[in-house]
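**Student:** Encoded as C-alpha cells, here's the structure I'll be asking about.
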Amino acid sequence: MGYKVKAALLSMTALAVSMTANNALAGGFALREQSSYYQGMSFAGYGTTGPSISSMFWNPATLTGAGEGWTIEAHNTIVVPKAEMDGTFTSNGVPLPPFGVVLPNSSVPSGDVGNDAFVPASYVAYRLNDRAVFGVSVNAPFGLSTKPTDNWAGQFYSRSSKAMSINVTPTIAYEVNDMISVALGLQIQHFAVALKQAVPNVPGFPTAGLVGEDIGFGVTAGVTVKPFEGTEIGVGYRSMVMHELDGQQFSPAGIAPIRARLKTPDMVNLSVKQRVTDAFRVLGTVEWTNWSRLKTPVVVPLVPGVASTPLPFNYDDGWFFSVGGEYDVTEDLTLRAGFAYEMSPIDESIRSTRLPDNDRYWFSAGASYEVFENLSLDLGYTYIHTADTKVNIVPGHQDYKPALGSYSSNVDANVNIVSASMRYRWGGPHARAEANARGY
C-alpha cells in the first residue's frame, strides 16, 4: 500500500472513528423524550405507575398499573434544538504531509448546527391475569443530527453527524402483592452512525467520514413499592448495550472497512409519587447515567499495516434531578408542570464541536384529557436552557492535534420540545389505571 493511502487511512481512522465515539454516544444525545405524559413534568416521577404505560421505558415494573385487557399508546415528539458556534480556528502554520498543505485561519461561524428531530415511541400492554402484565415498547433512546455551515471554522473537526437507534423491548411484569411489583425486559437495539468532516492534509479539504451499524442486546429491570396509601417508590434499571460496529471509512484515498466496539451507558433511576389531596400529587426523580464506564475503547481498522487506535473518553457520570406536580381540574382534565436540572458528563477539557454539551435547566408544562372512557390524549412542552458553554480545542484538550492548530468558541444553545400522545384501552375496565393515576 502506498504512503499516501496509508497516511490518509491512518489519519481518517483516528479522526473519524474518534468522532463516532465522542458524539454518537454522548450524554447530550441520549434521548429522554420517550413520553408525552411525563414530558409535561420534566419527567418527574417517571418510574411510578400512572395512566400512561410509557413509564415502562424507565421502570418496567410500572406495567402492573395497566388496566384490564389491552392498552396501546403512540407518543410523538418534535425536538427543535439550537446550537451556534461563533469561534476561530487558528492554524499552527505547519505544512501537513503528504502535500505540504498549510491550513488557513478561519472565523466562519457554524450557523445553527442543530437539526429538528422527530422522536416516536410506542407502547403496548396486555394484562394476562390479576398479577401479570406483558408489554412491548419501541423507542429511539439515542439520536443525533447536526450540520454546520459548509467550510466553517471547525470543519476539520466536523461537517455533519447522524446517529440513530431503535430499541424493541418485550417485558413481563408481576405484582407480587398489593405493595410490591417487579419486572424484567430484553432490549434489542439497532444502532447506526454516519459522520463527515474535512480532510486537512489534502488540497481543497474534501469530505471524508464513516458509516457503521450493529444490533446489540441488553436488559431492563425494575421494582415498585407502595409502603403507604398514596405513596409509591420506583427503582428502574436500563443496562448497557454492547455494539460491534461494522462499517466503512471513506476518504479521497478510497474506502476501507473498520470495526469499533462501542457501548451505550447503563442507567439507574429512583422515582417517588406522593398524593397530597384527592386531586393533587407531587412527583420526583433522580437519574444516574454511567457514562464514565466508556473510558478508552479501541478502534480496529481492518486494513493491513494500520495500527489500532485507543480513544480516551474521560467522561464523568451524568445526573438528572426533576420535581413536578399534577392537578385534576375535573375528572377528565389534568394539568401538570415540572422543573429539572441535568448535569452533563462533558466538561471543557473534552467538549468538542460535535458535542457542545453542558448542564441544562428544564421547564415543562402539560395536560391530559379523557376524550372518551377508553381514549385519552396527552400534551407536553419543554424549554431547555443550556448553561454558558465554551469549546476550547487547545493544548491540553484530548482532541487537540498540534499539526492542525486550535479552535475556540462560545456556544449559544437551547432546545424547544413539543410532544403529543394518544392512549387507547379495550377489552376490560380501566379502573385500575385510573386509581394508579391518582395515587390510590
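The values are calculated or read from the model by the stated rules, or taken from the named source; none is laboratory data. Bear in mind that the values here come from a model prediction, so they are computed numbers and not experimental data. Glycine also receives a Cβ, built like all others from the backbone with ideal geometry; neighbour counts cover every protein chain displayed. Quick note on the areas: whole protein, heavy atoms, side chains included, nothing else; ligands and nucleic acids left out. Shrake-Rupley method; radii C 1.70, N 1.55, O 1.52, S 1.80 Å.
**Student:** Step by step: first the residues of segment 356-377, then only those that are of a type in the set (Phe, Trp, Tyr) and under 20 Å from GLU73 (Cα atoms), then the one that is modelled with the highest pLDDT. Which residue is that?
**Tutor:** Result: TYR369.
**Student:** Within segment 59-80, how many residues are open to solvent by 10 Å² or more (accessible area, probe 1.4 Å) and under 27 Å from ASP112 (Cα atoms)?
**Tutor:** Of the residues in segment 59-80, 4 are open to solvent by 10 Å² or more (accessible area, probe 1.4 Å) and under 27 Å from ASP112 (Cα atoms).
**Student:** Looking at segment 201-250 only, could you name the residues that are touching a helix residue (DSSP H, G or I) at 6+ places or on another chain (Cβ under 6 Å) and open to solvent by less than 30 Å² (accessible area, probe 1.4 Å)?
**Tutor:** ALA208, GLY209, LEU210, THR220, GLY222, THR224, GLN249
**Student:** Right, something else. Among the residues of segment 121-140, is any within 17 Å of ALA194 (Cα to Cα) and either assigned to a strand (DSSP E or B) or in contact with a Cys (Cβ under 8 Å, 6 or more places away or on another chain) (or both)? Lay out the reasoning, then the answer.
**Tutor:** Of segment 121-140, the ones within 17 Å of ALA194 (Cα to Cα) are 140.
With either assigned to a strand (DSSP E or B) or in contact with a Cys (Cβ under 8 Å, 6 or more places away or on another chain) (or both) added as a condition, the list becomes none.
For segment 121-140, residues within 17 Å of ALA194 (Cα to Cα) and either assigned to a strand (DSSP E or B) or in contact with a Cys (Cβ under 8 Å, 6 or more places away or on another chain) (or both): absent.
**Student:** Please list, ordered by first then second residue, the pairs with beta carbon atoms under 7 Å, 6 or more apart or interchain, first in segment 333-350 and over 13 Å from ALA44 (Cβ atoms), second small (Gly, Ala, Ser) and assigned to a strand (DSSP E or B).
**Tutor:** Short answer, once both residue conditions are applied: LEU333/ALA367; THR334/ALA367; THR334/SER368; LEU335/ALA367; MET343/GLY318; SER344/GLY318; PRO345/GLY318.
**Student:** Note down all Cβ pairs under 8 Å where the first residue falls in segment 285-312 and is within 30 Å of TRP58 (Cβ to Cβ) and small (Gly, Ala, Ser), the second is open to solvent by less than 70 Å² (accessible area, probe 1.4 Å) and modelled with pLDDT of 75 or more, and they're at least six residues apart or on different chains.
**Tutor:** From residues that are within 30 Å of TRP58 (Cβ to Cβ) and small (Gly, Ala, Ser), the pairs are SER292/TYR315; SER292/ASP317; SER292/PRO345.
Residues are listed down the side, and each one gets a yes or a no for (1) among the hydroxyl-bearing types (Ser, Thr, Tyr); (2) under 24 Å from the mean Cα position of the chain (by Cα); (3) more than 19 Å from GLN34 (Cβ to Cβ):
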| site | (1), (2), (3) |
| --- | --- |
| ASP130 | no, no, yes |
| ALA140 | no, yes, no |
| GLY143 | no, yes, no |
| ALA153 | no, no, yes |
| TYR157 | yes, yes, yes |
| PRO170 | no, yes, no |
| ALA173 | no, no, no |
| ASP178 | no, no, yes |
| ALA183 | no, yes, no |
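**Student:** I'm checking my understanding of the structure. Among residues of segment 110-119 that are part of a loop (DSSP other than H, G, I, E, B) and surrounded by fewer than 17 Cβ atoms within 10 Å (Cβ to Cβ), which one is modelled with the highest pLDDT?
**Tutor:** This residue is GLY111.
**Student:** Filter segment 85-109 down to the residues that are polar (S, T, N, Q) and outside any loop (DSSP other than H, G, I, E, B), then identify the one that is nearest to ASN151 (Cα to Cα).
**Tutor:** Looking only at segment 85-109, we keep the residues that are polar (S, T, N, Q), and these are 88, 90-92, 105-107.
Okay, now just the ones that are also outside any loop (DSSP other than H, G, I, E, B), so 88, 90-91, 106.
Details: THR88: 12, THR90: 14, SER91: 15, SER106: 9 Å.
Ranking the qualifying residues of segment 85-109, first place goes to SER106.
**Student:** Considering segment 312-343 alone, what residues qualify as being open to solvent by 20 Å² or more (accessible area, probe 1.4 Å) and within 29 Å of LYS390 (Cβ to Cβ)?
**Tutor:** PRO312, ASN314, ASP316, ASP317, TRP319, PHE321, PHE339, TYR341, GLU342, MET343
**Student:** Counting just the residues of segment 151-185 that are small (Gly, Ala, Ser) and not in a strand (DSSP E or B), which one comes out farthest from LEU245 (Cα to Cα)? Show your work before the answer.
**Tutor:** Step one: list which residues in segment 151-185 are small (Gly, Ala, Ser), which gives 153-154, 158, 160-161, 163, 165, 173, 181, 183, 185.
This time we only want the ones that are not in a strand (DSSP E or B), so: 153-154, 158.
Values: ALA153: 30, GLY154: 26, SER158: 20 Å.
Per the criteria, the residue is ALA153.
**Student:** Of everything in segment 346-373, what is open to solvent by 50 Å² or more (accessible area, probe 1.4 Å) and assigned to a loop (DSSP other than H, G, I, E, B)? Give them in sequence order.
**Tutor:** Matches in segment 346-373: ASP347, GLU348, SER349, GLU373.
**Student:** With SER91, SER107, SER161, SER122 as the choices, which residue is open to solvent by less than 10 Å² (accessible area, probe 1.4 Å) and of a type in the set (S, T, N, Q)? Talk me through it step by step, then tell me what you get.
**Tutor:** Numbers: SER91 fails: open to solvent by less than 10 Å² (accessible area, probe 1.4 Å); SER107 fails: open to solvent by less than 10 Å² (accessible area, probe 1.4 Å); SER122 fails: open to solvent by less than 10 Å² (accessible area, probe 1.4 Å).
Selected residue: SER161, the only one of SER91, SER107, SER161, SER122 that is open to solvent by less than 10 Å² (accessible area, probe 1.4 Å) and of a type in the set (S, T, N, Q).
**Student:** Moving to a separate point now. Would you say TRP58 is touching a residue at least 60 places away in the same chain (Cβ under 8 Å) and under 18 Å from ASN129 (Cβ atoms)?
**Tutor:** no
**Student:** Assess whether PRO148 counts as being crowded, with 20+ Cβ neighbours inside 10 Å, modelled with pLDDT under 95 and more than 18 Å from the chain's Cα centre (by Cα).
**Tutor:** Against the criterion (crowded, with 20+ Cβ neighbours inside 10 Å, modelled with pLDDT under 95 and more than 18 Å from the chain's Cα centre (by Cα)), PRO148 qualifies.
**Student:** Return yes or no: is ALA83 within 22 Å of the chain's Cα centre (by Cα), open to solvent by less than 20 Å² (accessible area, probe 1.4 Å) and closer than 29 Å to SER409 by Cβ?
**Tutor:** Values: within 22 Å of the chain's Cα centre (by Cα): yes; open to solvent by less than 20 Å² (accessible area, probe 1.4 Å): yes; closer than 29 Å to SER409 by Cβ: yes.
The answer is yes for ALA83.
**Student:** Residue check, TYR383 against (1) under 30 Å from ASP150 (Cα atoms); (2) open to solvent by 50 Å² or more (accessible area, probe 1.4 Å); (3) modelled with pLDDT under 95, all met but one. Which one?
**Tutor:** (3)
**Student:** Next up: Can you spot a residue in segment 172-179 that is closer than 24 Å to ASN105 by Cβ, in contact with a helix residue (DSSP H, G or I) (Cβ under 8 Å, 6 or more places away or on another chain) and open to solvent by less than 10 Å² (accessible area, probe 1.4 Å)?
**Tutor:** No: segment 172-179 contains no residue that is closer than 24 Å to ASN105 by Cβ, in contact with a helix residue (DSSP H, G or I) (Cβ under 8 Å, 6 or more places away or on another chain) and open to solvent by less than 10 Å² (accessible area, probe 1.4 Å).
**Student:** Filter segment 269-283 down to the residues that are touching a Ser or Thr at 6+ places or on another chain (Cβ under 8 Å) and open to solvent by 20 Å² or more (accessible area, probe 1.4 Å) and list them by number.
**Tutor:** LEU270, VAL272, GLN274, ARG275
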